[in-house]
Amino acid sequence: MNGILGAGAATRNTTAENRLDVTFRQLAGRSALILYVTGGYPDLEASRRILPNVAAEADVIELGIPFSDPVADGPVVQRSSHAALEHGATLAGCLESVRLLRQQSDTPIVLMTYYNPVIRHGLDRFAHEAREAGADGVIAVDLPSEEARPLAVALKAEGLHLVPLVAPTSTDQRIERAAKLAGGFIYCVSLTGVTGVRDGLSPDIPHLLERVRRHSDLPRAVGFGISTPGHARDVARVAEGVVIGSALVDLISRTPKSALETEIRRFAAEIRAGMAAG
């Protein structure tokens, strides 16, 4: 595979514009609500049943591909990944969930994964099957920007975006490198450490967003530790996207399956109200 993004890759792009690009453009200044759920959790049937409810409330869905060693995730998401794997969740099963959701919803879907399942599947095969299922982008959590070009090329050939992670500890050089490979949006990690619910947000978020803006005009979404309407309000004031992950997964873990749809909609409505208050 050619080492230059945009050159040497097979041109499988469809004429349709990527849903992420359409969605952020249509938001017209409003911050996007990005909701994360773990694929196959609490089990495959329940996961597929609640996805349309998540899609109805979110501007963008992050669908986590369960992995045995989720080193960037905190206890809540780790437990959900472990439970999903015990119930037989697989990469293929998650792609089938995307395919089924596409029969009901056009909400953009970003697959959030670790690199091991992707590289084992094969980069070109993974990118092709992700597009065929209806995905719009990929976050490879543990893939450094120095090694991300082959995946970015494979995704671009299928019309998908690579969404990079940048953190407060990222140097300007690394942010610049990540921005050159990025599409859709840039995921700005709000703190150092793993995902999980926190009491407060880092005061360094605006500075990180300013540093990212020097290198890219793409929307910036902030995640890790955002769990309350107040958090969402504060982030929506400064960023183009608000990512809610562990708080939603925790809600799913505490809610009877019969009440999941109602509780997810209630939770999302509260977060949206917080964002609107900003």
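Quick note: the coordinates plus some simple rules give every number you see, no bench work behind them. Small disclaimer: the values here were computed from a predicted structure and weren't measured. Here the Cβ is made from the backbone with ideal geometry for all residues, glycine too, and neighbour counts use every protein chain on show.
Points worth noting:
- Residue of GLY183, GLY93, GLY29 that the Gaussian network model of the chain assigns the largest fluctuation, springs spanning Cα pairs under 10 Å: GLY29
- Counted residue by residue at 0.36 nm each, then reduced by the alpha carbon distance between them, the extension gain from VAL238 to ALA92 reaches 48.9 nm.
- Dipole in debye (nearest 20) - the stretch 81-197, about Cα centre, beta carbon charges: Lys, Arg +1; Asp, Glu -1: 140
- Each Lys or Arg adds one and each Asp or Glu subtracts one; over the other residues with Cβ under 10 Å from the Cβ of THR171, this totals +1.
- Which of ALA277, SER227, THR113, positive extreme of dipole for the stretch 19-277 (C-beta unit charges): ALA277
- Axial C-alpha extent at least 27 Å, average Kyte-Doolittle at least 0.5 - helices from the chain (DSSP): none
- A Förster distance of 30 Å, applied to the separation of the beta-carbon atoms of SER68 and ASP172, puts the FRET efficiency at 0.30.
- Other residues with beta-carbon under 9 Å from the beta-carbon of ALA276 carry, at +1 per Lys or Arg and -1 per Asp or Glu, a net charge of +3.
- Placing +1 on each Lys and Arg Cβ and -1 on each Asp and Glu Cβ, with no other charges, gives the stretch 214-276 a dipole about its Cα centre of roughly 40 debye.
- Gaussian network model of the chain, springs between alpha carbon atoms under 10 Å - residue of LEU143, LEU209, LEU95 with greatest fluctuation: LEU143
- The modelled label-to-label distance for the pair ARG49/THR262, using points 7 Å beyond Cα in the direction of Cβ, is 1.4 nm.
- Student exercise, the chain dipole from Lys, Arg, Asp, Glu Cβ charges, in Debye to nearest 20: 360
- Here the chain has an Rg and Dmax of 17.2, 50 Å, counting Cα atoms alone.
- Looking at the stretch 7-102, the GluC sites (Glu not before Pro) that sit in a DSSP loop and have at most 15 other Cβ atoms within 10 Å of their own Cβ are GLU17.
- Radius 11 Å from Cβ of ARG79, net charge of other residues (Lys, Arg +1; Asp, Glu -1): -3
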